[in-house]
Every structure is written in C-alpha cells, then in structure tokens.
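Readers should treat all values here as calculations from the given coordinates under stated rules, not as data from a laboratory. Keep in mind that this is a model prediction, so the values were computed, not measured. Counting neighbours? That spans all protein chains shown, and the Cβs are built from the backbone with ideal geometry, glycine included.
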Amino acid sequence: MFGYYLDLALRSLKRNKALTALMVLAIALGIGASMTTLTVLHVLSGDPLPGRSGKLFYPQLDPQDMDGYKPQDEPPTQVGWIDGIALLHAGRARHQALMTGGAVPIQPMQSAIDPFFEDARYTSADFFPMFEVPFLYGHGWNAADDEASARVAVLSRKLNDKLFGGKDSTGQTLRMDDVAFRIVGVLDSWRPTPHFYDLHTGSYSAEEGVFVPLTTATDLKFARNGSTDCWGKGMSDDMKTATCTWLQFWVQLDTPAEAVAYKQFLLNYSQEQKALGRFQRPANVRLRNVMDWLDYNKVVPSDVHLQVWLAFGFLLVCLVNTVGLMLAKFLRRSAELGVRRALGASRRSLFAQLLVEAGAVGLVGGAGGLLLALLGLWLVRRQPSDYAALAHLDLPMLLATFASAVLATLLAGLLPAWRACLIPPALQLKSN
Amino acid sequence: MDIRPIFSTLRRHKIPALLLILEVALTCAIVCNAVFLISQRLERNEMASGVVEHELVQVQVANIGKSTDAKARAQEDLALLRQLPGVTAAALVNQVPFTNSSSNTSIKLDPTQKLPTLNATMYMGEGLIKAYGVRLVAGRDFDADEYLDFDAMKSNPDLQDKVGSVIVTQALAERLWPGESALGKKIYLGETSVRVIGVVQALIRPSLSNGDNTAQWTMIFPLRMSTASASRYVLRTAPGSREQVLEGAARVLRKADPHRIVLEKKTLDEIRSDFFQNDRAMAGILVGVIAALLVVTALGIVGLASFWVAQRRRTIGVRRALGATRRHILNYFQTENFLLASIGIALGMVLAYGINLFLMLHYELPRLPAIYFPVGAVVLWLIGQAAVLGPALRAAAVPPVVATRSV
C-alpha cells in the first residue's frame with residue numbers, strides 16, 4: 001500500500017510543480033537555517049573530554065580580604081601561588097595540576113625561520129595523565145622536574161611539524177626567551193573544545209604550542225596570558241607573593257565519595273588559613289566538574305543562542321507557510337479524493353495517502369535543508385570568531401536534519417490532510 | 001467598497017485565512033525585532049573612541065630574554081620613531097583601544113566605603129593624550145615633571161602615593177560627580193588617592209567585557225612606561241602615510257634592537273574593524289534571515305491567493321455575469337488581502353513586543369522603539385499587496401461565461 005501511496009504522491013507532486021517547489025523551498029530554508037545554528041550550538045556546548053569530564057573538578061577558594069565582601073559572592077575563578085602550591089603538594093586527589101597560560105619567544109635553530117611568539121602552557125606534571133593528553137613521541141615530565149624547575153618542554157604536534165618537520169624531536173634542544181630547554185615529548189593532535197582548563201585565554205582557543213613546568217616559567221618570569229585579579233597590596237614584581245589570583249587548579253576525583261572528601265578538605269584548608277590569619281573571609285569553597293564549570297562560566301556565546309532562536313522563528317514561519325500551501329494543494333484535489341472515497345477508500349487510507357505525500361515533500365526538503373546547512377556552516381567557518389573553524393556537521397546532526405525535516409513536514413501535513421478527508425464524496429462527484 | 005461580503009466569505013474559509021494571518025503576524029514580529037537587532041549592532045559598530053582613529057597606527061614588539069635597560073631602550077625607540085618622516089607624535093602606552101587587553105581597577109570616592117564605587121580602566125604612558133589626539137575639555141594635561149616611572153613604582157609600592165594626579169573622561173566624571181565639576185575631586189585606589197586635574201571628552205576602554213554602558217569609564221595616569229612594562233608603540237601621522245609609517249617603524253625598531261619580535265603592526269582603523277567584526281557578521285546574518293523570511297511569506301501569500309482564486313472561479317464568473325467589473329474583482333481580492341494582513345500585523349505587533357521583552361530579559365537589549373511598528377506595518381502591507389496582485393489580476397480576467405458553464 002505504501003508503494004502505491006508513494007506513486008500517487010509523486011504523481012500529484014509532479015502535477016503542480018510550482019506549488020511543490022515552493023513547499024520544498026520553504027522546508028529546506030527553515031530546516032537549513034535551524035540545523036546550521038543547532039550544529040554550531042551542538043559543537044560549542046559539547047563535552048571537551050567525553051567519559052572523563054565527570055571526574056575532573058575545579059576547586060575554588062576565597063583568599064581575599066574583607067574589602068568589598070558580600071556574603072552571597074562566588075569565590076574567585078582562579079587561585080594564587082601560595083594556595084595553588086599548597087593544594088598541589090597536599091596531593092589529596094588522584095591527579096592534580098596547577099597551570100596558567102602564557103606566550104614565549106621561540107628561537108629556532110634553523111636560520112630560515114625568524115624567532116616568533118608561541119602560546120604556551122605553564123603547568124605541573126599531572127596535566128598530561130589527568131587530561132589523558134595523547135603523545136606522539138616521548139612523554140611528559142615528572143614531579144621531580146617540577147620541584148627542580150627543570151628546563152624541559154613538551155611541544156604540540158603542530159609546532160613540532162613547524163620546527164622539526166614532524167620528526168621525533170625528543171632529546172633535542174629548543175631555545176625559548178634565551179634559555180635552552182630539552183624537548184621530552186611531542187603531543188599528538190589534541191584540541192579539547194571548549195578550551196575548558198583555562199577559559200581566560202579564550203573559551204574556544206586551540207591548544208597551546210609548547211608546555212613547560214610552571215615552576216620553571218615562574219622562575220624565569222615568562223610572560224603570562226590570561227586574567228589576574230588582585231586585592232590588598234596587589235600586583236608586585238614577584239607573582240609568588242602577590243595578593244592576586246592568576247592560576248587554574250584542576251583535580252581528578254574518581255568517585256563521588258572522593259569528591260565529597262575533597263570538598264571537605266578544601267573547607268578545612270580555608271578554615272585553617274583563616275585561623276592562621278591568611279584568609280579573612282568566611283570559608284567559601286566550590287568544587288565543580290567540567291560541565292558544571294562550563295555552564296557556570298556561560299561559555300557558549302549569547303549570539304549563538306540568539307541565532308538558534310532566530311532560526312527556529314524562521315522555521316516556524318516556513319512551517320505555517322507549508323501548512324497553507326499543503327492545504328491549498330490537497331483541497332484542490334477534492335474531486336480526485338472524492339472519487340477515491342466513492343470507490344470505497346476509507347478516510348484513514350486517504351489520510352495515510354496524504355501524509356505519505358507530505359513525507360515525500362519533507363524528504364526532498366530535508367535533502368535541500370542539508371545542502372543549505374552545509375552552505376550555512378561553510379559561511380559560519382568564514383566568520384571571524386575563534387570557534388568558527390569548529391563548525392562541522394557530524395553524523396548525528398546529519399541524521400537529525402533529515403528526521404526533523406520529515407517530522408516537521410508530517411506535522412505540517414496533519415491539518416491539511418485531516419481537512420481534506422472531511423470532504424463529502426457525493427458533493428465532489430456531482431459538481432464536476 | 002462594501003467589505004461585508006469579504007467577511008462572510010472568509011468565515012467559510014477559516015483555516016486558510018487564519019494561516020495567512022498567522023504567517024503575517026510571525027513575520028512581522030520577527031522582522032521588527034531582527035531589524036532592531038541590526039540597528040543595535042550597527043550602532044555599536046559606530047561607537048566613539050575619543051581618539052583620532054584615522055591618524056593612528058600601532059606597533060607591538062616583544063623582547064626575547066630580559067632587557068638590561070628597559071627605560072633607556074624605550075626612550076631611544078621613541079626618539080627614533082619621532083624622527084620618522086610623517087610622524088607627529090609617538091608614545092609607548094600600556095593599552096590601546098579595541099585590543100581587548102586592558103588593566104582595570106576598582107575605585108572609591110571615600111576610603112571608608114565598604115564596597116567600591118565602580119571599576120574603571122587605567123591608561124598609562126608619557127605623552128599619551130597628545131599621541132591619541134584625545135580632546136581635553138577641562139583642566140590641563142600632565143606636566144613633564146609629573147610623570148613617574150611605572151617600573152620603579154611596581155618594585156616599590158610606596159611610590160604609589162606620589163602619583164597624585166589623574167585625568168578622567170567626561171562620562172566617568174559625570175557618573176562619579178553628577179552635575180559638578182570634577183576638577184580637584186579625589187579618587188581612592190586601594191590605599192592611595194589621586195586628584196583629578198583634567199577631563200577629556202572621551203577615551204574608550206580597550207575591552208568592553210564589562211558592558212557597553214561602562215565603555216567610557218576611563219582614567220589616565222602620569223606614568224612613564226618602559227619596554228619591560230609595555231609593548232605597544234602608538235604613532236600619529238597623516239591618514240595617507242600610515243602604511244609607510246608602519247613599515248618604517250617596524251624597520252627602525254628591529255634595527256635598534258634585533259633581539260625582539262614585532263608582534264603586530266596595524267592601523268587603528270584595522271584594529272577597530274577586527275574588534276567589531278562579530279557584530280557586523282551578526283548584522284549580515286540578520287539581513288539574510290529577514291530577506292529569506294519576506295520572500296517565503298510573499299511566496300506563501302501568492303500560493304494561498306492562487307488557490308483561493310482557482311477555488312472561487314465560479315463565484316467570480318457569477319459576479320461578473322451579474323455586472324461586476326474587472327476592477328471590482330481586483331479590488332475585492334486586494335481588500336481581502338489588506339484586511340487579513342491588517343489583522344496579522346496587529347497580532348504581530350503584540351508578538352513583536354513580547355519577543356522584545358524576552359530579548360530585554362536575556363540579552364540586555366533596550367526597548368523596541370515605537371517607530372518600528374508603523375514602518376513594519378507599511379512594509380508588510382506592501383508585500384501583501386505585491387504578492388496578491390498576480391492572483392487578483394488572474395481572478396479579474398475570469399470571463400463571465402464561466403458562470404454558465406460549470407454548473
């Protein structure tokens with residue numbers, strides 16, 4: 001029966017090409033616009049480390065003085081040197097890493113490449129195992145290197161390609177800011193999206209080109225990127241004693257019980273520091289996992305949300321339009337439908353036949369919508385924002401495009417099909 | 001023209017009529033808000049900076065390793081830059097408008113205040129006002145002997161008390177002391193205080209992440225930067241010689257000290273254009289959506305009206321046979337469309353207002369100005385009339401003889 005309905009549908013659609021084209025165009029435009037914006041939203045609000053993000057937590061403390069204190073305030077979004085190092089050394093979690101972003105001048109050995117600045121991450125040894133960063137060659141450094149402020153570095157695959165033509169460069173020397181570093185590892189391609197571990201250097205920025213121990217970078221006073229928030233005496237030449245927060249601290253806690261215990265530890269630490277007089281405010285701690293942290297920081301740009309709303313408004317207009325056109329199309333065939341009814345077709349089978357016709361329009365509209373979505377995403381990628389390059393259609397979104405197009409058109413077809421089924425057969429037979 | 005027959009016809013074709021009304025209403029609501037969003041984005045794109053944008057270029061350099069005498073380096077660089085042909089002023093500054101990188105601080109008007117009054121940005125650099133071409137509207141610029149070295153102050157916080165003076169923007173002065181003269185007033189930063197000695201017309205913050213309404217909350221301090229504490233050289237020149245000055249400046253700076261990297265060399269116009277490119281892209285997207293929306297709506301009206309005309313061929317034939325002219329038939333369909341569009345527009349206005357309230361709540365948008373309502377109505381009426389013209393003409397062409405044929 002379905003085959004017969006499909007045949008009828010295609011005949012009917014061919015009979016009135018302009019009207020069919022108009023419906024397909026409306027569906028394609030609406031679906032194309034919606035899927036473009038939804039894909040961008042889907043990519044931007046994704047999980048940066050699927051499977052691991054629930055175990056990674058971002059502890060926050062409030063080390064500020066009482067100036068400007070409001071009880072309902074959230075603690076600062078970063079930690080200072082003293083607290084960061086204390087938490088790192090306490091080692092209460094399975095893994096923990098302290099870090100900040102920066103930029104270093106790279107002085108290539110080859111004279112063919114001029115010195116250039118590269119984004120860097122100054123961090124501690126656990127960064128690599130905790131985030132399961134893939135290595136192409138070599139490995140990360142260890143806690144002893146951190147303690148010794150060792151001159152060791154890990155390169156991104158991209159930087160290794162640029163400097164060493166993609167060859168295994170471990171053991172080689174890299175000069176940065178007039179200091180020689182030994183390369184211990186080269187990463188494979190790795191770009192967590194969003195750039196969750198440091199949102200201050202751009203929510204969707206690419207991974208850094210070079211990684212060095214935080215202790216080394218701080219001792220050498222390498223240039224920092226990101227945000228610094230100070231109170232009291234504030235900035236000074238020595239960031240180790242400045243009353244500022246400027247570091248990100250991440251921990252891995254494998255079970256909910258560990259997370260509860262760690263939060264208690266943070267609370268105890270804050271109270272202890274208050275008793276010592278270093279902290280002045282009442283203990284105020286947070287322990288958010290990756291997705292909660294991204295949520296709290298509202299990483300998805302509000303323009304992206306706005307575009308989704310806009311696209312859905314547009315889709316709604318397109319659907320209302322399709323309902324109207326489909327109604328016109330079905331009612332115009334009253335005579336034909338009347339004949340079928342008179343020959344014994346039930347209302348149900350007429351209804352099914354008309355819905356098959358609607359579905360066929362939806363399928364073609366979906367194909368058009370897919371093309372438009374691909375075009376739309378290509379346009380998005382040409383936009384200037386730092387997330388632009390990430391806008392690609394994946395398989396779930398591709399299937400969703402077709403499914404939503406067919407579903408939307410079937411919904412749009414319900415009212416016209418129902419209306420057309422109500423036509424009394426006798427009247428139609430008489431009048432022609 | 002009598003509109004009663006139109007109503008009685010519409011009452012018997014409720015669903016198509018309602019669909020048309022709904023479509024017009026949704027289109028009207030979305031288009032009004034989208035046009036408003038475009039105007040907001042374009043207005044933001046035109047935001048005043050207070051500096052002579054067309055005359056400025058920026059060269060940003062970074063040292064490799066630690067420079068030994070950053071203060072002398074800066075003075076020598078500036079002397080070389082000022083000698084470049086076409087350069088009328090040069091300064092080494094801590095921040096530049098539209099570069100997103102800024103230092104900011106909380107300020108108080110009274111040291112005993114529990115919470116800070118507001119957060120403002122801090123511009124520093126010797127000769128900054130002259131180089132940026134910022135217009136002084138009250139008081140005076142800093143004297144040469146008022147400047148302190150930023151590096152010295154950073155390593156010895158006691159020197160902070162010696163800074164003493166500050167220049168603020170008109171907007172900040174008006175916010176802090178509404179209706180009063182700002183000159184001589186005190187601002188407290190942490191434990192030190194500074195006195196306002198001058199007011200400039202405007203100088204925009206380098207980053208607008210604190211909200212556009214705080215864009216002009218700016219203070220300028222008499223602090224001299226060195227290559228250790230600042231990396232941005234700002235040069236003022238005639239608009240025609242900007243490219244040439246940029247090339248010259250990069251060459252001179254590299255030659256004076258090869259042990260550094262030129263990070264960026266751009267005119268301020270380019271920097272500004274980059275800063276607002278997201279707003280322009282969004283405005284472009286909105287224009288595209290509006291165009292597509294209007295086309296879809298117009299085509300929808302054409303489709304429905306054609307169906308309508310085809311369905312009523314006999315009725316039209318009867319009316320023509322009973323003496324109605326072609327013009328009568330044409331007017332009938334035009335009036336019908338006008339009525340439906342009017343209902344749709346009225347509904348659309350209410351909807352537009354609702355969407356605007358939602359946007360105000362979630363996206364910090366101002367209220368939709370009333371002018372959008374009549375303009376939106378006229379646009380949709382025109383589109384409705386244009387769309388219905390074809391089908392209505394076809395209806396008018398129905399010959400009276402149809403009435404005798406088909407029954």
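Points to keep in mind about this one:
- Of the DSSP H helices in chain B, those whose Cα atoms cover at least 15 Å axially and whose Kyte score averages 0.5 or more: B:14-45, B:277-311, B:326-363, B:372-396
- Taking a straight Cα-Cα cut-off under 19 Å and skipping sequence neighbours fewer than 8 places away in the same chain, the lysines within cross-link reach of residue A:274 are A:70, A:233, A:263.
- Taking B:177, A:231, A:141 and counting other C-beta atoms within 10 Å, the order from fewest to most: B:177, A:231, A:141
- For residue A:58, net neighbour charge (Lys/Arg +1, Asp/Glu -1) across residues whose Cβ lies under 13 Å away: 0
- Among B:162, A:14, the ranking by other beta carbons within 10 Å of each residue's beta carbon, starting with the fewest, stands as A:14, B:162.
- Cross-link reach is defined here as a Cα-Cα straight distance under 13 Å, omitting same-chain residues fewer than 8 places apart; for residue B:255 the aspartates and glutamates meeting it are B:76, B:77, B:247.
- Of the residues A:244, A:318, B:32, the one with the fewest other Cβ atoms within 10 Å heads the list, and the complete ranking is A:244, B:32, A:318.
- Separation of the stretch B:325-375 and the stretch A:140-183, taken as the distance between their Cα centroids, equals 64 angstrom.
- Compared with the dominant Cα axis of chain A, that is its longest principal axis, helix A:302-332 is turned about 10°.
- Each other residue within a Cβ distance under 15 Å of residue A:117 adds +1 if Lys or Arg and -1 if Asp or Glu, for a net charge of +2.
- Only helices enter this figure: runs of n ≥ 4 DSSP H residues, each worth -39500 (n - 2.57), summed and divided by the residues of the protein assembly as shown, yield -16500 deg cm²/dmol at 222 nm to the nearest 500.
- Cross-link reach is defined here as a Cα-Cα straight distance under 13 Å, omitting same-chain residues fewer than 8 places apart; for residue B:108 the aspartates and glutamates meeting it are A:67, B:191.
- Computed from Cα atoms, the angle from the helix A:347-381 axis to the main principal axis of chain A rounds to 40 degrees.
- By the Cβ distance rule (another cysteine Cβ under 4.7 Å), the unpaired cysteines of the protein assembly as shown are A:318, A:421, B:28, B:32.
- Partner shielding of B:296-302 amounts to 6, given as the average count of beta-carbon atoms from other chains within 10 Å of each residue beta-carbon.
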